[in-house]
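Remarks on the structure that follows.
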Amino acid sequence: MALGIKCFRLVHPAFYSSLAAFTRSASEITMKTVARRQNDHMQCMVYSAVPIRHFATKKAKGSLDHITVATDDGRLALNQIGQISMKSPQLILVNMASFPECTAAAIKAIRESGMNLNPEMEGTLIRVPIPKVTREHREMLVKLAKQSTNKAKDSLRKVRTNAMNKLKKSKDKTSEDTIRLIEKQISQMAEDIVEELDRHLAVKTKELLG
């Protein structure tokens, strides 16, 4: 669930914030607030769907940016603690000289990224050979993209359900018209996000499989 929530929050920060706000007592939400939330939602539509953007066969260097590494200071992006560079189209180098104590954890994170990568360590340098882009590899990437998208949808449903439940508890403090308006806003935003996730997944699937 944690991964799904993280993906979902990255997909649409403004929408996640909107639903978080709706979980407060409905009596705190005025008609003006609802209108502003709707405007926030329209603005957040410019964000790209994050869960599937990394499953690509091109620009291999950037494909490691989303990997997070468990450190003593919490989970950090690989590109924050290591210098990522392309040695060749078939090899990525990750220089961990600035954070040598995180080298082993970085290797573990790369191996468990689901990208079929087998990194090798040379001191504080991590060598990451890029697998040949076969049809099987492309199909594997599509499968991972679908799984990541479904996790985001699951998190969306849980956030929506939680918001609706909190809203119901406030019915004795808020007019029925306001409650119905907020419920409609929540449902519409959730539906819009699902449609956008499906659209991005379709685009990515076409990109990978042709």
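What follows is calculated from the coordinates using simple rules that are stated; it is not laboratory data. Just so we're clear, the structure is a prediction, and the values are computed from it rather than from any experiment. Here Cβ is always computed from backbone atoms with ideal geometry, including for glycine, and neighbour counts include all displayed protein chains.
Stretched out fully, how many nm does the piece from S88 to V194 gain, at 0.36 nm a residue minus the Cα gap?
Here the answer is 34.4 nm.
Hey, with R₀ at 25 Å, roughly what FRET efficiency would D65 and N95 work out to, going by the Cβ-Cβ distance, to 0.05?
FRET efficiency, D65 to N95: 0.95.
Could you grab the relative contact order for region 76-210? Cα pairs under 8 Å, six or more apart, rounded to a whole percent.
Relative contact order of region 76-210: 19 percent.
How much length is gained if the chain between N162 and V133 is pulled fully straight, taking 0.36 nm per residue apart and subtracting their Cα-Cα distance, in nm to one decimal?
Between N162 and V133, full extension yields an extra 6.3 nm.
Taking region 135-209, how much of its Cα-Cα pair set, in percent, is spaced more than 17 angstrom apart?
55 percent
What's the long-distance tail for region 90-199, i.e. % of Cα pairs beyond 15 Å?
74 percent
Report, in listed order, any pair from K87/K206; K151/K171; K158/K204; K146/K204; K158/K184; K143/K204 with a Cα-Cα distance greater than 20 Å.
K87/K206; K151/K171; K158/K204
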